Amino acid sequence: MIESSVVKVIAARDLIPGEELLISYSGKDVPMTNTQLMAQYGIALARNDYESIRLDLGLSTLPRDELSQHRDHVIKSNQLETEATIRMNGVIPPGFLQALRAKELTAQDFRHLAQFEYRFKPENGYFSLQNELRVHLQLLGSIETLLTHPTTLQQDVAKLVPQPDKQQEQEQEQTQHVVDKASDEYQILAYRVALKRVLHVIILRSFQLVRDLFMDLSKRWHSDIQALETKLEEATVGSTSPDAAEATKDAKFDNAEQVAELRKQLVTWRDNMATWSKEMGEWDERWQAWVAEAVEPRWLEFNQNSSNAGDKN
């Protein structure tokens with residue numbers, strides 16, 4: 001009876017006395033997230049490259065109106081995903097990303113899609129630069145709300161990894177102590193670190209996309225402003241030319257109205273650009289803050305070590 005309840009571990013090679021013995025909690029073909037490891041074995045790995053998070057589209061939080069009916073139809077008819085698993089690379093599955101885009105479509109966007117029978121497959125790509133920007137700003141806001149723990153990623157890592165130099169020793173003092181690997185506190189901390197790694201990767205990828213979208217939109221707006229300035233110059237020159245002097249009064253009146261309208265549009269575009277530039281600066285500051293938080297030297301070293309031998313399931 002006793003023999004049948006004993007777990008046997010048979011070595012595949014000769015062992016040296018005192019050598020540490022390692023076993024796999026899962027086969028190479030069956031990677032486990034920290035949630036699975038915690039549930040089954042009561043352990044977590046801070047450098048678990050198989051860690052992931054589950055995101056939901058959050059349609060239930062939106063008001064039910066005419067827009068929601070169009071949105072539901074687009075998502076259902078194109079078989080888009082309303083939830084997805086995001087892994088350590090931070091890549092969002094195409095079906096879920098397209099659903100995020102559908103979620104941010106405006107009434108004008110839906111009218112445009114109606115002309116194409118609401119075709120909105122992942123292979124169609126992004127809808128517009130404005131829509132894509134709204135998608136990633138919304139995603140950033142949602143992910144940031146998940147990072148509500150009072151400690152930062154570096155502070156958590158400092159508790160897990162011994163720190164040799166003086167600067168790191170000071171940081172270690174601020175975060176109390178290096179946690180014993182055998183303790184429950186270590187397992188909880190490792191679980192939190194791995195989860196934060198995934199969230200940080202998503203945030204950094206989204207911030208990079210937001211910055212790129214800001215730049216693309218700025219270039220387009222500059223081009224539109226230049227086109228308006230050219231039109232205004234042509235209309236102004238035309239209204240004062242000898243040929244215009246011989247034109248009818250009605251023609252002069254129409255041209256004057258055109259010039260006034262172009263000037264009004266130009267003022268609006270320039271005001272928008274000024275606001276846009278300010279927002280770009282604010283987002284750039286937030287981007288730099290996240291880079292300082294997640295991509296500083298010690299964190300990079302810790303991240304790179306995760307692909308080497310060590311804590312693997």
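The values are calculated or read from the model by the stated rules, or taken from the named source; none is laboratory data. As the structure is a computational prediction, the values presented were derived from the model and not from experiment. Counting neighbours? That spans all protein chains shown, and the Cβs are built from the backbone with ideal geometry, glycine included. Surface areas here come from the heavy atoms of the whole protein model, side chains and all, with no ligands, DNA or RNA. Shrake-Rupley method; radii C 1.70, N 1.55, O 1.52, S 1.80 Å.
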Considering segment 5-41 alone, what residues qualify as being more than 31 Å from the chain's Cα centre (by Cα) and assigned to a helix (DSSP H, G or I)?
5, 41
Out of 102, 84, 46, which single residue is closer than 27 Å to residue 208 by Cα, assigned to a loop (DSSP other than H, G, I, E, B) and in contact with a Phe, Trp or Tyr (Cβ under 9 Å, 6 or more places away or on another chain)?
46
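From the list 67, 55, which residue is in contact with a strand residue (DSSP E or B) (Cβ under 7 Å, 6 or more places away or on another chain) and within 30 Å of residue 108 (Cα to Cα)? Full working, then the answer.
Values: 67 fails: in contact with a strand residue (DSSP E or B) (Cβ under 7 Å, 6 or more places away or on another chain).
The match here is 55.
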From the options 211, 220, 205, residue that is assigned to a helix (DSSP H, G or I), open to solvent by 30 Å² or more (accessible area, probe 1.4 Å) and at pLDDT 80 or above:
205
Which of the residues belonging to segment 49-81 are assigned to a loop (DSSP other than H, G, I, E, B) and among the hydrophobic types (A, V, I, L, M, F, W, C)?
57, 62, 80
Among all residue pairs at least 6 apart or on different chains, which show Cβ distances below 9 Å where the first residue, located in segment 139-150, is over 15 Å from residue 204 (Cβ atoms) and the second is part of a helix (DSSP H, G or I)?
149/156; 149/192; 149/196
State the number of residues belonging to segment 41-65 that are open to solvent by 60 Å² or more (accessible area, probe 1.4 Å) and modelled with pLDDT of 85 or more.
5
